[in-house]
1. All but one of (1) in a loop (DSSP other than H, G, I, E, B); (2) more than 23 Å from Phe115 (Cβ to Cβ); (3) open to solvent by 10 Å² or more (accessible area, probe 1.4 Å); (4) of a type outside the set (D, E, K, R) hold for Ala228, so report the exception by its number.
2. Go through Ser82, Ser19, Ser28, Ser38 for me and flag whichever is hydroxyl-bearing (Ser, Thr, Tyr) and under 19 Å from Gln320 (Cβ atoms).
3. Out of the residues in segment 196-225 that are touching a Ser or Thr at 6+ places or on another chain (Cβ under 7 Å) and hydroxyl-bearing (Ser, Thr, Tyr), state the one that is surrounded by the most Cβ atoms within 10 Å (Cβ to Cβ).
4. Do any residues in segment 34-60 that are on the phi > 0 side of the Ramachandran plot have Cβ atoms under 9 Å from those of residues that are β-branched (Val, Ile, Thr) and modelled with pLDDT under 95, where the two are at least six apart or on different chains, and which pairs are they?
5. Within segment 32-60, which residues are closer than 21 Å to Tyr309 by Cβ and either in contact with a strand residue (DSSP E or B) (Cβ under 7 Å, 6 or more places away or on another chain) or crowded, with 20+ Cβ neighbours inside 10 Å (or both)?
6. Test Phe353 against the criterion of being open to solvent by less than 40 Å² (accessible area, probe 1.4 Å) and farther than 25 Å from Glu69 by Cα, and give yes or no.
7. Among the residues of segment 1-56, how many are among the polar types (S, T, N, Q) and either touching a Phe, Trp or Tyr at 6+ places or on another chain (Cβ under 9 Å) or under 17 Å from Glu250 (Cβ atoms) (or both)?
8. When you scan segment 90-107, do you find a residue that is out of contact with any Gly (no Cβ under 6 Å at 6 or more places or on another chain) and surrounded by 24 or more Cβ atoms within 10 Å (Cβ to Cβ), even just one?
Amino acid sequence: MPSRRVWRGRRGPGDLPASPPGPLDGLSVTGSHGRTLSLPELLAEAETDALLVLHRGRLVHEQYLHGYEAHVPHFNASAAKSYLGLLAATLAHEGHLDRTARVAGYVPELSGTAFGDARVDDLLHMGTRMSYAGRPYDKALEAQRYFAVLAPRLRPYGYSGPGTIREHLATAMATGEPGEEFRYENGNVEALAEVLRRITGVSTSALMSEMIWSRIGTEEDAYYLVDADGAEAACGGFAATARDVARLGELVRCGGAVGGRQILPEAVTALVAGVPEGYPRRVRFPAAPPESPATLSYHDLWWILNDPYGSFMASGIHGQRLFVSPGLELVVVHYASQVVSPAVPQVPLVQAFLSIGTHLNR
């Protein structure tokens, strides 16, 4: 598929100071079926491609598997949603975006659709209910159809559906009032990305570069997949190196600042962990550790763990995670190629990250 780069800018790579090797030696984690696993065993079970750990701003662990190399961008899948959430929240904080406005006011072509009739805040919290092209909604099927929109090679024989993201969004008809129920759906993020393109006049790639990527000392360009119109696949088409995504996580952990420079408003990063009254939508999330609350929260396209450490994360299919824990002074980036099947138990990555953090804080 074609892609568009997110330019890292002219600034040289930022410092990523390393601690002496070995701080995770002896770490064990409770894995699938209650088994206790060493870290190498857990990474093998998780089909891990990369694991990076920052503790108090220092790189304490960096590991690559399956032939993956540090300088190569890796697919982030739905973790990309959270990155777009930072852009939207910043633009709202600066007065350029009205969270309470109807989306159709920014994107008139979506008037009369489930997304056009929703508020911007509904998109940020997965608060729409819709069906596409009049068919009953099925999450897994709609995910497949979304990629058929993006990639002609993934279209079934005789496909006659939408050929671009905008055409796809235009087929979404509301099946319930917006803002009343959480339902995780890619279209919310794509509609939000179109709103941001309209109010800024630049592509999602350029906006990400200007607001974050070129300002945090990244080492490599990142990339977005684009559709036939050249619109970025904002909900999951982002690829970047683990080291650069770790820098993004450290930015959020440190209140939007890098090396004494304020990159994002502190109020925006504080919103991720400090959810305002009335939010969030509470949902069941299978990867939550056994001792966590029965539900997680979702705010501004980030998953909130509700643990004692104020942890939150960006999460993508097949094991992509950016985990940030202010209380543990921890940032973890995990890339993987996990099989997604009812026959394959999912590895408790959140529990592993919390175990890493508590181990480092002993």
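The values are calculated or read from the model by the stated rules, or taken from the named source; none is laboratory data. A quick note: this is a predicted structure, and the numbers were derived from the prediction, not measured. Note: ideal-geometry Cβ built from the backbone for every residue, glycine included; neighbour counts use all protein chains shown. The protein model used for the area step is the full one, side chains on, heavy atoms only, and it has no ligands, DNA or RNA in it. Shrake-Rupley method; radii C 1.70, N 1.55, O 1.52, S 1.80 Å.
1. (2)
2. Ser82
3. Tyr224
4. So the pair list comes out as Glu47/Val339; Glu47/Val347.
5. Of everything in segment 32-60, those that are closer than 21 Å to Tyr309 by Cβ and either in contact with a strand residue (DSSP E or B) (Cβ under 7 Å, 6 or more places away or on another chain) or crowded, with 20+ Cβ neighbours inside 10 Å (or both) turn out to be Leu39, Leu42, Leu51, Leu52, Val53, Leu54, His55, Arg58, Leu59, Val60.
6. Here the answer is no, as Phe353 does not meet what is asked.
7. Qualifying residue count for the region: 3.
8. No; the residues of segment 90-107 include none that is out of contact with any Gly (no Cβ under 6 Å at 6 or more places or on another chain) and surrounded by 24 or more Cβ atoms within 10 Å (Cβ to Cβ).
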